[in-house]
Amino acid sequence: MQISANTVVTLKYKLSNHSTGEQIEETNETNPLVFLYGVGSLIPEFEENLANKTAGDSFDFHIVAANAYGDHDPQHMAMIPTNIFHDEEGKFDEQMFHVGALVPMSDNEGNQLRGKIVEVDEENVKMDFNHPLAGTDLHFSGEILAVREANVEEIAHGHAHGPDGHHHH
Ligand code: ZN
């Protein structure tokens, strides 16, 4: 069966940084990616590159940052006063809020977002709210392990229920 709308695809892949070759993520046969094809759950260009493939086919392609998680946007960097991070005693926990730490925050509208600390000084913490893969050209390679028709329930839910279509609780 070929990959097309309303099929459930099981695949394994290696994701690396297309420019540096550095590996970012890898899935395998025991922990494959299973998804309902054609409902926009994955990067559109990722799905496009898999169209019409069947079990046993391999793939190898890259997607430029702008078409993946977007370019790195300096507008999504923010200077946040350190006192926001103070505990009940008015102390700044340097262990917890170090450069590189990912911190859950919420914006003015109460949306949850995760920021990465890129700089800390006396008054401010500079945070980056871009997606961790923003600005990264992605290289995917891997193999299609299985393709099957989605069942009615999966189509109604808009997602796959695993390689064998077992319902989730
Ligand atoms: Zn479901």
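The charge dipole of region 72-168, taken about the Cα centre with unit charges on the Cβ atoms of Lys, Arg (+1) and Asp, Glu (-1), comes to about 260 debye, rounded to the nearest 20. When only alpha carbons are used to place a centre, region 34-57 and region 108-150 end up 21 Å from one another. Net charge in the neighbourhood of residue 81 (other residues with Cβ under 14 Å of its Cβ; Lys, Arg +1, Asp, Glu -1) is -3. The length gained on full extension between residue 121 and residue 49, counted as 0.36 nm times the residue separation minus their Cα-Cα distance, comes to 21.4 nm.
Simple point charges give the picture: +1 on the Cβ of Lys and Arg, -1 on the Cβ of Asp and Glu, and for the chain a dipole about the Cα centre of about 580 debye. With K and R counted +1 and D and E -1, the other residues having a Cβ less than 14 Å from that of residue 134 yield a net charge of -2. Taking every protein chain into account, the accessible area of the chain amounts to 62 square angstrom per residue (probe 1.4 Å). Shape verdict for region 1-159, please, from the Cα gyration tensor: rounded (a/c under 1.5), prolate (a/b greater than b/c) or oblate. Prolate, because a/c is 1.5 or more and a/b exceeds b/c. For the chain, the number of Lys pairs separated by eight or more positions or lying on different chains, with C-alpha atoms closer than 25 Å, is 6. Ordering 63, 131, 8 by Cα displacement along the dipole of the chain toward the positive end leaves 8 in first place; charges were set at the Cβ atoms of Lys, Arg (+1) and Asp, Glu (-1).
When you restrict to C-alpha pairs under 8 Å that are six or more residues apart and normalise by the size of region 33-125, the relative contact order lands at 19 percent. Which of 130, 108, 151 moves the most in a Gaussian network model of the chain with Cα springs under 10 Å? Of the options given, 108 has the highest mean-square fluctuation. Once the C-beta distance of residue 93 and residue 33 is scaled by a Förster radius of 25 Å, the resulting FRET efficiency is 0.10 to the nearest 0.05. Other residues lying with their Cβ under 12 Å from the Cβ of residue 16 contribute a combined charge of -4, Lys and Arg counting +1, Asp and Glu -1.
About its Cα centre, region 44-99 has a charge dipole of approximately 120 debye under the convention of +1 per Lys or Arg Cβ and -1 per Asp or Glu Cβ, with nothing else charged. Atom-type composition of the exposed protein surface of region 31-104 places 49 percent of the accessible area on carbon and sulfur (1.4 angstrom probe). Judged by the mean number of other Cβ atoms found within 10 Å, the most tightly packed of the peptides 40-50, 9-19 leads the ranking 9-19, 40-50.
The values are calculated or read from the model by the stated rules, or taken from the named source; none is laboratory data. The structure displayed is predicted, hence computed values, not measured ones. Because the Cβ atoms are built from the backbone with ideal geometry, glycine has one as well, and the counts that use them run over all protein chains shown. We work out accessible area using only protein heavy atoms, side chains counted, and drop any ligands, DNA or RNA first. Shrake-Rupley method; radii C 1.70, N 1.55, O 1.52, S 1.80 Å.
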